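Some notes on the structure that comes next.
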Amino acid sequence: MIKIQLVDDEPNILKALKRLLKAQGWEVDAYDNVDDALGGLLAHDYAVIVSDYLMPAVDGVTYLQFAKQRRPDAMRLVLTAHGDRQSVIKAINQAEVYRYLTKPWNDYEIVAAIQSAVELHQLVRENHRLLQTVATQKAMLQAREQELQRLEAEHPGITQVLRDTEGSILVGDDS
Amino acid sequence: MSGDPIMTDVPNSPADDTALNEQLERVNRQLLQSEKMAAIGQLAAGVAHEINNPIGYVYSNLQSLDRYLVDMFRLTDAIGSASTQEELEELKQSIDYEFLRGDLEDLVAESREGIERVKTIITTLMDFTHADEEEFKLADIHWGINTTLSVINNEIKYKAEVVKDFGDLPLVSCIISQINQVILNLLANAAHSIEGFGKIIVRTRHESNYVVIDVEDTGKGISQEHINKVFDPFFTTKPIGEGTGLGLSLSFSIVEKHNGRIDVTSTPGKGTCFRIILPIGTSDTGRCS
Ligand SMILES: Nc1ncnc2c1ncn2[C@@H]1O[C@H](COP(=O)(O)OP(=O)(O)OP(=O)(O)O)[C@@H](O)[C@H]1O
Ligand SMILES: [Mg+2]
């Protein structure tokens, strides 16, 4: 199941978002402080993290920077009531957030943004998986190649098949 | 002032003096007004944040309510048309009626809370500005401090813990909206001076015929070379465009107008304390011009 992490110091925001996002069939974990949210990152593999910007002690962008290190594949979104230019720039340049959303929000906007973040997350995951497959197959091919080279060194010509003009296979080393 | 020897070449007949004084008074009033507007402008950003949060979840809750109602109406409409009790039960199950019921109650309670909060913010903001109140009146300084604190709370809560150490204060004859303005400037400066997370202490006490208000912070302090300039108009260490450097000079003239005093002590690296001393002045109304 797709897991979403919400971080906001305002519990009523978390409840409203849960109402909305659970109805989409996502599993939603809500955190009202950054410490617990960081702990949550260790325990769960989130597809998307939605964080508030202004929070006591640590701001949302700093939190998302941590999150980026712990869970680089999780898509990062900011949802804030504090839409000044400084924080947008910080969010983009430092935490590489995928979307910067503002409160109050339209439900369909949030859902659409998370939906597309989820899709991108799945693409990234799929990409990783495919790269992994390519890597293992490449390793297998390499091992086979090495074995052939070893055989060739031990018994020169053994890896080649010689045929006469009619196409019959020639056995022996009278070539 | 007219006896100043350096000024001897400036003609200053009594008539000139009154004209100048009037002009000074007018400029001062304008400054006060523009500083007030600037303060409100700064507050607006913080207040917007504080209001957008409750509006955010109330608005979202209303949209959820909309969806819930669709399900609820499906059920109530079915009461007339469903042929069997089972059919109704099934529908009840499919819309997760039990959950809806419980969550609807929460949704309404939380939304009410949000609206109450917006209401409180607006009321405090109005209390704070007291629009056109320009008269000396007996006022409760603690009420003023509390109103100011709740107005600026959105901005300082992320920077500092505010500790209130209030003594017993009598009512003070003052223009409370202006005193609020001074407290606001001091709190804003205190919050600005703090790097990371610190503490702001607001202390009050009563001594014979005056009251003392301290605003103390654990911020970066003021250096020896700056401390004598902080009350100068336009003195600021903030980057261009961020501070006007009028906050303290206006505070100074407000306190002066109240026949009070404002002083500063600071230890660089440890913190700063601004002290306001205001005469209670109940019997003496002659100075209110
Ligand atoms: N609590 C404080 N701690 C450290 N420095 C302070 C404090 N209060 C004032 N100052 C210094 O005094 C200067 C002048 O303060 P003032 O309130 O007059 O203007 P400002 O805060 O710079 O600008 P404005 O109030 O218009 O935004 C500040 O720039 C700062 O250097
Ligand atoms: Mg200031």
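The values are calculated or read from the model by the stated rules, or taken from the named source; none is laboratory data. Because the structure is predicted, anything quoted here is derived from the model rather than measured. Ideal geometry is used to build each Cβ from the backbone, glycine not excepted, and the neighbour counts take in all protein chains shown.
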Quiz item: Just a yes or no: is a residue in the stretch B:203-218 in a helix (DSSP H, G or I), within 16 Å of ligand 2 (Cβ to nearest atom) and either at pLDDT 95 or above or within 14 Å of another protein chain (Cβ to nearest Cβ) (or both)?
Solution: no
Practice problem: Would you be able to tell me the number of residues in the stretch A:1-51 that are modelled with pLDDT of 95 or more, at the interface with chain B (Cβ under 10 Å from one of its Cβ atoms) and assigned to a loop (DSSP other than H, G, I, E, B)? | Solution: 1
Quiz item: Taking only pairs six or more apart or across chains, which ones have beta-carbon atoms under 7 Å, a first residue in the stretch B:178-196 that is within 9 Å of ligand 2 (Cβ to nearest atom), and a second residue that is at pLDDT 95 or above and not basic (Lys, Arg)?
Solution: B:LEU186/B:VAL215; B:LEU186/B:PHE274
Self-check item: Where B:GLY196 falls short, out of the listed (1) surrounded by 18 or more Cβ atoms within 10 Å (Cβ to Cβ); (2) within 14 Å of chain A (Cβ to nearest Cβ)
Solution: (1)
Quiz item: Looking at (1) within 14 Å of chain A (Cβ to nearest Cβ); (2) within 16 Å of ligand 1 (Cβ to nearest atom); (3) not small (Gly, Ala, Ser), which is the one condition that is false for B:ASP232?
Solution: (1)
Quiz prompt | From B:ASP66, B:ASP127, B:ASP103, residue being modelled with pLDDT of 90 or more, in contact with a Ser or Thr (Cβ under 9 Å, 6 or more places away or on another chain) and assigned to a helix (DSSP H, G or I) | solution = B:ASP103
Quiz item: If the Cβ limit is 9 Å and pairs must be 6+ apart or interchain, which residue in the stretch B:111-127 that is basic (Lys, Arg) pairs with which residue that is assigned to a helix (DSSP H, G or I)?
Solution: B:ARG112/B:VAL58; B:ARG117/B:GLU50; B:ARG117/B:ILE51; B:ARG117/B:ASN53; B:ARG117/B:PRO54
